[in-house]
Amino acid sequence: MKRLFLILAGLAIAASLPTTAQARDSKRFCVFDVAGASGYVYNLLKNYRRKALQYGEDLTMMPYTDEDRVRADFDAGRCDLIAVTDMGVRHYNRFTGSISAIGAVPRYEDLQVLLHILSSRRVADKLEQGDHTVLGVAPMGAAYLFVNDRSIDTVEDLRGKRIAVFEGHYDARHMVEYVGARPVRAKISNFAQLFNSGEVDMAYAPAAAYEVLEMFRGMGETGGIVRFPVGQVTVQLVAKKGTFDDEFVAHSRKAVSRLYSEAMRMIRQYEDTVPRERWVEIPASARQGYQEMLREVRIDLDNNQSKLGQLAAQVYDDDMMTILRKVRCYTNPGGQECSSPDRE
């Protein structure tokens, strides 16, 4: 009888202990994806949710198609963890929000190296700013220019063109004005509509927008997508400090970085879906010139004394800009900037 009592007592104690399969109370994970629960970002993060469960956190995923609403609910305490674009993250962390700096991550190889760095402990302190912490960064795809005129293939051709620029994307607005084009204020929720209705001549977005947001409609017969990344769009996970313990945060950053291959598979599928004739190819001889022009735009931000210039300069974190330059010179050591005296 005594032995039976001990066995039952042991089972009761064991049942009360948390295991990888028995997570803590569920937390609300609010995910921004323009396509909602059917979108590739939402479905990519289902894999992250499964990994989080193994680390003892049960996340209830909630899809959002409006990024402003995600941030509002997060700020109001209705979300414990959010997944938003780097533009959205700029409200919480300038370091990782600078990843989308104009032309600063030209190749997916650069992004892969960068995401490996961000998952390491050596930059962990940079992922903590104010009351918030970044729990991981994953790719959403390079941002390309969608144009309604395929003949636009030089910087001079951009003069006078109307380009959709997201609210708060001061660096992009600065670039548009720098090349003599006309910025038109847009939101993530309406930029595709502006392009499709002909209210703007150009808009920048990942190639997935061609199909998901039907941006082929705005191209008409003469438009296309310029195959030259003007930036990288990422999805970033953010929580308030203390929501998750340090061990989970470290696991989370590693888990998100390991989504790279799956994310790139989805991104490549969308890029391959775009008909070949829709791509506007930039000659290899011109690519270096474009890249140098974008670097000059970024450098000009520091020296520009206009109100807009100063607003644009404030969105870039100096430490991140230095890391991005080192990454570019690691993957492309022959780049002009790698020996330039005015390095970032």
(request) Residue by residue through the range 212-224, note down the ones that are of a type in the set (A, V, I, L, M, F, W, C) and under 12 Å from residue 149 (Cβ atoms). (result) 219
(request) Report, ordered by the first and then the second residue, all pairs with beta carbons closer than 7 Å, sequence separation of six or more or different chains, a first member in the range 210-226 that is on the phi > 0 side of the Ramachandran plot, and a second member that is assigned to a loop (DSSP other than H, G, I, E, B) and among the polar types (S, T, N, Q). (result) 220/148
(message) Let me confirm something: among 212, 226, which residue is open to solvent by 20 Å² or more (accessible area, probe 1.4 Å) and closer than 23 Å to residue 263 by Cβ?
(response) 212
(request) State whether one or more residues within the range 147-160 are surrounded by fewer than 22 Cβ atoms within 10 Å (Cβ to Cβ) and within 30 Å of residue 31 (Cβ to Cβ). (result) no
(request) Give the number of residues within the range 318-342 that are outside any helix (DSSP H, G or I) and open to solvent by less than 20 Å² (accessible area, probe 1.4 Å). (result) 2
(request) Test residue 76 against the stated conditions and say whether it is under 19 Å from residue 137 (Cα atoms) and either of a type outside the set (Val, Ile, Thr) or in contact (Cβ under 8 Å) with a residue 12 or more places away in the chain (or both). (result) no
(request) Kindly list the number of the only condition in (1) in contact with a Phe, Trp or Tyr (Cβ under 6 Å, 6 or more places away or on another chain); (2) within 16 Å of residue 45 (Cβ to Cβ); (3) part of a loop (DSSP other than H, G, I, E, B) that fails for residue 282. (result) (2)
(request) Could you look through the range 305-317, keep only residues that are polar (S, T, N, Q) and modelled with pLDDT under 65, and pick out the one that is most open to solvent (accessible area, probe 1.4 Å)? (result) 305
(request) Go through the residues of the range 254-264 one by one and say whether even a single one is surrounded by 20 or more Cβ atoms within 10 Å (Cβ to Cβ), in contact with a Leu (Cβ under 8 Å, 6 or more places away or on another chain) and not in a helix (DSSP H, G or I). (result) yes
(message) Quick check on the range 229-250: of everything there that is β-branched (Val, Ile, Thr) and closer than 17 Å to residue 124 by Cα, which residue is surrounded by the most Cβ atoms within 10 Å (Cβ to Cβ)?
(response) 238
(request) Hey, can you tell me all the residues within the range 265-276 that are surrounded by fewer than 16 Cβ atoms within 10 Å (Cβ to Cβ) and in contact (Cβ under 8 Å) with a residue 12 or more places away in the chain? (result) 273
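The values are calculated or read from the model by the stated rules, or taken from the named source; none is laboratory data. Just so it is clear, the structure is predicted and the values come from calculations on it, not from any experiment. So basically every Cβ, Gly included, is an ideal-geometry build from the backbone, and we count neighbours across all protein chains shown. Just so you know, the surface numbers come from the protein's heavy atoms only, side chains and all, with ligands and any DNA or RNA stripped out. Shrake-Rupley method; radii C 1.70, N 1.55, O 1.52, S 1.80 Å.
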